[in-house]
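See below for the structure under consideration.
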Amino acid sequence: MVWHDDILSRAPLFHALDEEGARALRAGTEQVRLARGDRLFDEGDAGDRLYVILDGKIKLTRAASDGRENLLSVLGPGEMFGELSLFDPRPRTAAAVAVTDATLAALAHDHLRQWLTGRPDVAMHLLRALAQRLRRANDVMADLVFTDVPGRVAKALLDLAGRFGVEQESGLHVHHDLTQEELAQLVGASRETVNKALADFASRGWLQLSAKSVVILDRERLAKRAR
Ligand code: CMP
């Protein structure tokens, strides 16, 4: 079995561990493979495992009663999810769906809780990751109130670029794997408004659009628009 050790060691959980500690934690870990579109769990399900993404991308979504979806985040290799129900044993706060084929490392909450009691340094890393997530959630909430849709689109693209961007001569290639509908769900606006903003950015020469990816040509202007 391929364990993508380099990726696993980037995750907050494994970050503070020495080789022996990482090996011991890995021993309590199972590998899960998903095909694009597979639902790992739904909002409201009982949660008993935390996941670290080894390969691929996972989206976390919440649905309104009328069927509309809000995309909370798209996570890639080295990132974790499913920790809220670890620290606060209640149902899952969001659904997790594979945006691409994906491989995950799954850790049972029971095993982890025990493990963490003897490892305050690892617990600190997890707390840090939680604090970062809260900061980001606050930023997203403030943007929904204070920032217009083009500003939110610019910000979302820069965030995706920070996660999935690859610098090339022609620009910063961001293969986000999201449909236009999903991008709109991430920004919290209609598909039409988001498309208009993207088309406007493209016409100004700030980026190039293609299916499920974008090439950022002028990061500075985009960052200015995101402010
Ligand atoms: P849990 O509630 O166990 O299952 C859903 C997971 O989605 C949750 O744990 C978090 O890991 C993750 N999650 C929930 N809200 C957010 C958010 N706003 N940003 C990023 N991840 C989130």
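The values are calculated or read from the model by the stated rules, or taken from the named source; none is laboratory data. This structure is a prediction, so every number in the text was calculated from the model and none was measured. Positions of Cβ are generated from backbone atoms using ideal geometry, with glycine treated the same way; all protein chains shown enter the neighbour counts. The accessibility values were calculated without ligands, DNA or RNA, using every heavy atom of the protein model including side chains. Shrake-Rupley method; radii C 1.70, N 1.55, O 1.52, S 1.80 Å.
Return the residues of segment 78-100 that are of a type in the set (Gly, Ala, Ser) and assigned to a strand (DSSP E or B); say none if nothing qualifies.
Once the filter is applied, which keeps residues that are of a type in the set (Gly, Ala, Ser) and assigned to a strand (DSSP E or B), segment 78-100 yields ALA95, ALA96, ALA98.
Out of the residues in segment 52-77 that are within 14 Å of the ligand (Cβ to nearest atom) and part of a loop (DSSP other than H, G, I, E, B), which is nearest to VAL166 (Cα to Cα)?
So, considering only residues that are within 14 Å of the ligand (Cβ to nearest atom) and part of a loop (DSSP other than H, G, I, E, B), the one nearest to VAL166 (Cα to Cα) is GLY76.
Report whether or not LEU127 is within 16 Å of the ligand (Cβ to nearest atom), closer than 30 Å to LEU144 by Cβ, assigned to a strand (DSSP E or B) and of a type in the set (A, V, I, L, M, F, W, C).
Answer is no for this residue.
Can you name the residue in segment 78-118 that is more than 10 Å from the ligand (Cβ to nearest atom) and among the polar types (S, T, N, Q) and is also farthest from LYS57 (Cα to Cα) among such residues?
If we take residues in segment 78-118 being more than 10 Å from the ligand (Cβ to nearest atom) and among the polar types (S, T, N, Q), then THR117 is farthest from LYS57 (Cα to Cα).
If GLY37 satisfies all but one of (1) surrounded by 19 or more Cβ atoms within 10 Å (Cβ to Cβ); (2) touching a residue at least 60 places away in the same chain (Cβ under 8 Å); (3) more than 14 Å from the ligand (Cβ to nearest atom), what's the number of the condition it fails?
(1)
Return the pair list, or none, for Cβ contacts closer than 7 Å from residues in segment 134-153 that are assigned to a helix (DSSP H, G or I) to residues that are away from the ligand (no atom under 13 Å from the Cβ) and open to solvent by 70 Å² or more (accessible area, probe 1.4 Å), at least 6 apart or on different chains.
ASP143/LYS155; PRO150/ARG225; GLY151/ARG225
When you look at LYS212, is it open to solvent by 50 Å² or more (accessible area, probe 1.4 Å), over 18 Å from ARG36 (Cβ atoms) and not polar (S, T, N, Q), yes or no?
No, not satisfied.
Within segment 93-115, count every residue that is open to solvent by 20 Å² or more (accessible area, probe 1.4 Å) and more than 16 Å from ASN70 (Cβ to Cβ).
Number of matching residues: 8.
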